[in-house]
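Notes follow once the structure below has been shown.
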Amino acid sequence: EIHTKIDYSAIFGVIPFIYIQFCVAAKYLTMMALNLPRPLISNLNLCRRTLSDQSRYQFLQHSKLPTYYFQKSLPRLPIPKIKLTASRFLSAVQPILDQKEYDRTVRILSDFVTGDGIKLQALLQNYDNLNSHTSYISEPWFDMYLRDRSPLPLNYNPLLIMKHDTREAYQDQCLRATNLVISSLRFWRSLQAHLLEPEIYHLNAKKSDTQRFKNIMCLVPERIATYAAYAFKAFPLDMSQYKRLFGVSRIPGKGKDSLVQNENSNHILVIRGGNLYSVDVLDKEGNIERPEVILGRLHMVLNNADTNGSSTAPIGTLTTINRDEWASLRQYLTDKIGGENKRLLETEIDAALFCLCLDSSDSPKYNEEKFVPLLKDLLAGDGTNR
């Protein structure tokens with residue numbers, strides 16, 4: 001449970017929002033022009049050299065095989081026979097049932113398999129036949145998660161920690177954040193341009209994860225590419241979920257949430273001390289801004305947030321509560337208070353490519369012996385800066 005005292009009266013006003021664009025970050029760029037941190041120099045030089053280097057800066061990968069090359073030929077998830085499903089169900093519940101409960105379950109399941117189960121299996125098979133573009137489990141899977149009214153922090157939001165970098169030059173928060181943002185944007189641009197390498201599980205990478213394999217695959221029609229890869233003991237994986245990695249937000253709704261995506265966003269959302277900042281990271285042509293520009297804008301965020309202090313109305317805290325409650329409060333913010341809130345939520349928060357949380361120095365530090373405090377803080381903290 002996240003323990004935070006929320007002053008709802010303070011939150012229910014016009015959402016405080018700050019735009020960090022080139023004009024407001026310019027003075028920081030001038031200050032840093034002659035003294036850029038060394039860990040940023042490689043990105044900077046890559047950006048400024050030849051056209052080839054510029055392309056390398058903009059894209060993380062330049063795959064010869066398009067990202068979704070194997071999608072059309074992936075085998076569909078088969079619907080298991082109803083008797084097999086029943087057998088698996090019994091195996092799953094047996095450890096948690098006593099003998100009497102288990103025997104009763106066997107009887108009920110036996111009646112189901114020979115009765116209503118046959119009709120339901122036929123309906124499922126018909127549904128699958130009518131939706132050959134997807135898996136029979138995809139819609140129910142999304143529906144299950146989007147209908148759950150539990151708060152997202154702790155219950156659903158995942159966590160992973162990158163390996164600690166011990167190099168002193170890389171310890172600066174703003175510098176590390178800049179490199180992370182740039183790398184994420186390069187990944188995103190590669191994905192958008194279909195230059196990201198397809199996900200493939202190689203049973204013997206030394207033989208199949210080779211240039212020869214890629215050259216041969218380029219000659220194979222997409223509709224049979226997956227089966228051709230099998231000959232090399234290489235198994236392409238589904239990448240349909242990649243399309244929702246960036247620019248997607250889960251919007252709270254009564255009874256069920258929805259996913260919205262903005263494919264034309266040029267900014268990220270940055271949170272510091274509960275304050276919200278819209279930070280432009282792409283130029284007018286849709287290219288990733290120069291490293292020193294992004295660094296300057298993040299410096300501006302840190303300076304502004306630390307000068308003005310933590311927000312007295314951390315709107316992000318509302319996303320930690322029951323989804324129906326958050327849906328009601330969001331509707332109140334947008335419909336009852338003013339159109340500016342609606343615009344900010346939809347065009348700046350919901351439409352951001354991704355969110356970057358810059359925690360303050362009092363957050364737990366990396367410690368290989370004591371991970372728990374850090375894990376708790378990264379998962380949610382007190383909810384005000386998430």
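The values are calculated or read from the model by the stated rules, or taken from the named source; none is laboratory data. Values in this document were obtained by computation on a predicted structure and should not be read as measured data. Ideal geometry is used to build each Cβ from the backbone, glycine not excepted, and the neighbour counts take in all protein chains shown.
May I ask you to list the residues in segment 285-321 that are in a loop (DSSP other than H, G, I, E, B) and over 18 Å from VAL181 (Cα atoms)?
GLU285, GLY309, SER310, SER311, THR312, ALA313, PRO314, ILE321
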- prompt: If we scan segment 164-184, do we find a residue that is under 17 Å from the mean Cα position of the chain (by Cα), closer than 30 Å to LEU269 by Cβ and not assigned by TED's automatic domain parsing to the domain that holds LEU358?
  reply: no
message: Could you go through segment 214-231 and let me know if any residue there is of a type in the set (Lys, Arg) and either assigned to a helix (DSSP H, G or I) or in contact with a strand residue (DSSP E or B) (Cβ under 6 Å, 6 or more places away or on another chain) (or both).
response: yes
- prompt: Given the conditions (1) at pLDDT below 95; (2) in a helix (DSSP H, G or I), and given that LEU159 satisfies all but one, which numbered condition is not satisfied?
  reply: (2)
query: Any chance segment 219-226 includes a residue that's crowded, with 19+ Cβ neighbours inside 10 Å, in contact (Cβ under 8 Å) with a residue 12 or more places away in the chain and farther than 30 Å from CYS357 by Cα?
result: yes
query: Looking only at residues in segment 259-286 that are over 21 Å from the mean Cα position of the chain (by Cα) and at pLDDT 90 or above, which one is surrounded by the most Cβ atoms within 10 Å (Cβ to Cβ)?
result: ASP283
Filtered residue count, segment 131-176, keeping only those that are among the aromatic types (Phe, Trp, Tyr) and within 30 Å of GLU369 (Cβ to Cβ): 2
field: Yes/no for ARG386 being of a type in the set (Lys, Arg), buried (at least 19 other Cβ atoms within 10 Å of the Cβ) and assigned to a loop (DSSP other than H, G, I, E, B)
entry: yes
message: Whether any residue in segment 285-307 is without any contact (Cβ under 8 Å) to a residue 40 or more places away in the chain and among the hydroxyl-bearing types (Ser, Thr, Tyr) is what I want to check.
response: yes
task: Quick one: in segment 165-218, of everything that is hydroxyl-bearing (Ser, Thr, Tyr), out of contact with any helix residue (DSSP H, G or I) (no Cβ under 9 Å at 6 or more places or on another chain) and over 18 Å from HIS62 (Cα atoms), which residue is surrounded by the fewest Cβ atoms within 10 Å (Cβ to Cβ)?
output: THR166
